[in-house]
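Trainee: Pasting a structure here, questions to come.
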Amino acid sequence: GENVEQHPSTLSVQEGDSAVIKCTYSDSASNYFPWYKQELGKRPQLIIDIRSNVGEKKDQRIAVTLNKTAKHFSLHITETQPEDSAVYFCAATPLWGNTGKLIFGQGTTLQVKP
Amino acid sequence: EAGVAQSPRYKIIEKRQSVAFWCNPISGHATLYWYQQILGQGPKLLIQFQNNGVVDDSQLPKDRFSAERLKGVDSTLKIQPAKLEDSAVYLCASSFAGTPDPYEQYFGPGTRLTVT
């Protein structure tokens, strides 16, 4: 079945450093790749997404890159701040059935040390 | 705009008991999703509705889980009987349209279920 692998499972960086989280997906038909941020005890919130017709997207300190050939995509956070500390989930949508069904990765716990 | 509403926020039950969760999606959102998020894992889709019809329930344990969305708005998810491994956060999400191009899914606060 469809699968999304996410690495690393935990990531600790100093404030101001960059953080990179990587995901690979199994279904080559996937065409939509969102990233969600989930703070402790709160709901997942979309922070950025990318569609298969582009290779990179930026939004202030956050960027996502997509390599469809290799079937992987990455989240890049620059100039990290303590409030970036949270669990980050990548997801992918396979095209079969066109249902918008999201397959989530296992999550990355990011800790930004002040 | 108002977000996705869920209730209750927390529920503790004993195994073999029944429990029901309620979700009210964002107004106008035709697609509604129920996810199960076990501690330390990503959300896993249980069932997806488009209006009041089921689009995908391939990962719903149908021997014990059921869900409905009778009028195409609110939805309920029921577990009967509950098992210890059902302990998780149950997230409801909604989106404007599920096909053919997925729109952003908005999540509710979730219901944390503990089965003892």
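Only the coordinates and a few stated rules stand behind these numbers; no lab work does. Note that the coordinates shown come from a computational prediction; the quantities given were computed from them, not determined experimentally. As a convention, Cβ positions derive from the backbone with ideal geometry for all residues, glycine included, and neighbour counts pool all protein chains shown.
Trainee: Quick one: in the range B:1-57, which of the residues that are among the aromatic types (F, W, Y) and either in contact with a Gly (Cβ under 7 Å, 6 or more places away or on another chain) or more than 10 Å from chain A (Cβ to nearest Cβ) (or both) is surrounded by the fewest Cβ atoms within 10 Å (Cβ to Cβ)? Steps first, answer last, please.
Mentor: Of the residues in the range B:1-57, the ones among the aromatic types (F, W, Y) are B:10, B:21-22, B:33-35, B:49.
From what's left, either in contact with a Gly (Cβ under 7 Å, 6 or more places away or on another chain) or more than 10 Å from chain A (Cβ to nearest Cβ) (or both): B:10, B:21-22, B:34, B:49.
On the way: B:Y10: 11, B:F21: 22, B:W22: 15, B:W34: 26, B:F49: 23.
Only one residue tops the list, namely B:Y10.
Trainee: Are any residues in the range B:8-28 under 11 Å from the mean Cα position of the chain (by Cα) and of a type outside the set (F, W, Y), and if so, which ones?
Mentor: B:A20, B:C23, B:N24, B:P25
Trainee: With a cut-off of at least 2 residues that are in contact (Cβ under 8 Å) with a residue 60 or more places away in the chain and crowded, with 19+ Cβ neighbours inside 10 Å, name the strands (runs of 3 or more DSSP E) lying wholly within the range A:25-74.
Mentor: Counting at least 2 such residues, we get A:32-38.
Trainee: Among the residues of the range B:69-81, are any within 14 Å of B:N24 (Cα to Cα), basic (K, R), surrounded by 14 or more Cβ atoms within 10 Å (Cβ to Cβ) and more than 13 Å from chain A (Cβ to nearest Cβ)? Reasoning before the result, please.
Mentor: First, pick out the residues of the range B:69-81 that are within 14 Å of B:N24 (Cα to Cα): B:69-77.
If we keep only those that are basic (K, R) too, we end up with B:69, B:71.
Imposing the further condition that a residue be surrounded by 14 or more Cβ atoms within 10 Å (Cβ to Cβ) reduces the set to B:69.
Those still in the list that are more than 13 Å from chain A (Cβ to nearest Cβ) too: B:69.
Yes: one or more hits.
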